Amino acid sequence: MANLTTTEDLRLDALFRAGEPASATSGLYSKALDYVNRIQQTLILGGAIAVGRDLATSAGIYAHVVDLPVTDWYWARKQPRGIVTTDASIETGTVTVTEGSTAVTFSSAPAASVAGWRLEVAKLPTVPRILTHTAASTSATLDAVWPEDTQTLASYVCYNPEYDLASDFVRFVGAPYLHSHYMDPIPIGSRESHDAAYPFGTFFKSPPTAAAMIQPRRIQVNSYDDRRYRLEYDYVFMPADLTANPSSEEPIVPRPHRAVLASGAAMLLAHDKGDNRAENLASEFRETVQRLVQEHRRGLSGGSMTYGVHKTRLGRTDRKGRIQSKGETFLI
């Protein structure tokens, strides 16, 4: 327990500090593990945990709150990165769609299922989603009736603009990038701005240059192509729940800072018991979170070429009153 290395170490420490037997004999033994998980998850997601009241709440009007900043912890970034491989569009043969009908007939059957893909027919602005399709079948069904004039043996493009992200995805850490000679970044915007900038009827053949979040773990790109592309993305991930099985299991929080999980869990346990230790534990928890944030920022900046360098804008002066005219930098 003293090493605070494994999940079980942290659970037993949380129980001890909350005034409970540091063993499975405690009635809060299972709850302690729940709280260790809750603290780890809240560290990753950000937010606030409220317990009781203390002087930090300005006369105790509100419940005591420990704020956990939304931070892209380096230890919570998935390695290796996430990968999206786009699908090659299909334009082989022709297609027939009938006004007022959901039926689609391909002259040449797509080898793989294109259910969920978009169907652009004869460059018309209506680009419906294909609701059902079986691999190697010439028949498919649209998500709604075709509203435009009947198109017989028309040219078409069938493409997939939507892709799932990793199942443990929480949020992006920077823009994904497209594998190319220049590793082009793919900015991620809102669905509303993306739809306004890239209506389906205006898609054209090119590598993707932008995307939008359309669900918590799903993006939509802004183009199609008859070849595949690889996108890589850095992201904060949500680890699986800690179970203390095997007994050697360790949280993803770096070992020097794992006490934050024990103190946070102890705080919640003490609050559940109505123990006045909750307020002191909350103050300690807040301080350990602050240290974790400071260490994170120091770790990211310490290896930077600009660390310890003071930059001023053109035409401004540095601390010694010297005018900067050519974009020089000055050491602090």
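The values are calculated or read from the model by the stated rules, or taken from the named source; none is laboratory data. Because the structure is predicted, anything quoted here is derived from the model rather than measured. FYI the Cβ positions are ideal-geometry reconstructions off the backbone, even for glycines, and counts take in every protein chain you see.
Pro246 satisfies every condition listed in (1) assigned to a loop (DSSP other than H, G, I, E, B); (2) crowded, with 18+ Cβ neighbours inside 10 Å except (2).
Can we say Asp164 is more than 21 Å from Ala103 (Cα to Cα), of a type in the set (D, E, K, R) and at pLDDT below 95? No: the conditions fail for Asp164. For the stretch 10-29, taking the residues that are free of Cβ contacts under 8 Å to residues at least 24 places away in the same chain and surrounded by 19 or more Cβ atoms within 10 Å (Cβ to Cβ), the one that is nearest to the chain's Cα centre (by Cα) is identified as Leu12.
Taken together, Ile214, Ile252 contain a single residue that is hydrophobic (A, V, I, L, M, F, W, C), within 30 Å of Thr126 (Cβ to Cβ) and touching a residue at least 24 places away in the same chain (Cβ under 8 Å), which is Ile214. Taking the conditions exactly as written (within 25 Å of the chain's Cα centre (by Cα), assigned to a helix (DSSP H, G or I), more than 15 Å from Leu12 (Cβ to Cβ) and not basic (Lys, Arg)), does Val289 satisfy them or not? The answer is yes for Val289. Among the residues of the stretch 190-232, those identified as in contact with a helix residue (DSSP H, G or I) (Cβ under 8 Å, 6 or more places away or on another chain) and part of a strand (DSSP E or B) are Ala211, Ala212, Met213, Ile214, Gln220.
Please verify whether Ala211 is out of contact with any Ser or Thr (no Cβ under 8 Å at 6 or more places or on another chain) and outside the structural domain of Ala18 (by TED's automatic domain parsing), treating the condition exactly as stated.
Numbers: out of contact with any Ser or Thr (no Cβ under 8 Å at 6 or more places or on another chain): yes; outside the structural domain of Ala18 (by TED's automatic domain parsing): yes.
Here the answer is yes, as Ala211 does meet what is asked.
In the stretch 214-234, the qualifying residues are those that are out of contact with any Gly (no Cβ under 8 Å at 6 or more places or on another chain) and farther than 26 Å from Thr92 by Cβ, and the one that is surrounded by the most Cβ atoms within 10 Å (Cβ to Cβ) is Ile219. Only one entry in Asp87, Asp67, Asp72 is crowded, with 16+ Cβ neighbours inside 10 Å, modelled with pLDDT under 95 and of a type outside the set (Val, Ile, Thr), namely Asp72.
Is at least one residue of the stretch 204-221 touching a strand residue (DSSP E or B) at 6+ places or on another chain (Cβ under 7 Å) and among the aromatic types (Phe, Trp, Tyr)? Show your work before the answer.
Pass one, the stretch 204-221, residues touching a strand residue (DSSP E or B) at 6+ places or on another chain (Cβ under 7 Å): 205, 207-208, 210-214, 217-221.
Within this subset, residues satisfying the condition of being among the aromatic types (Phe, Trp, Tyr) are none.
There is no residue in the stretch 204-221 that is touching a strand residue (DSSP E or B) at 6+ places or on another chain (Cβ under 7 Å) and among the aromatic types (Phe, Trp, Tyr).
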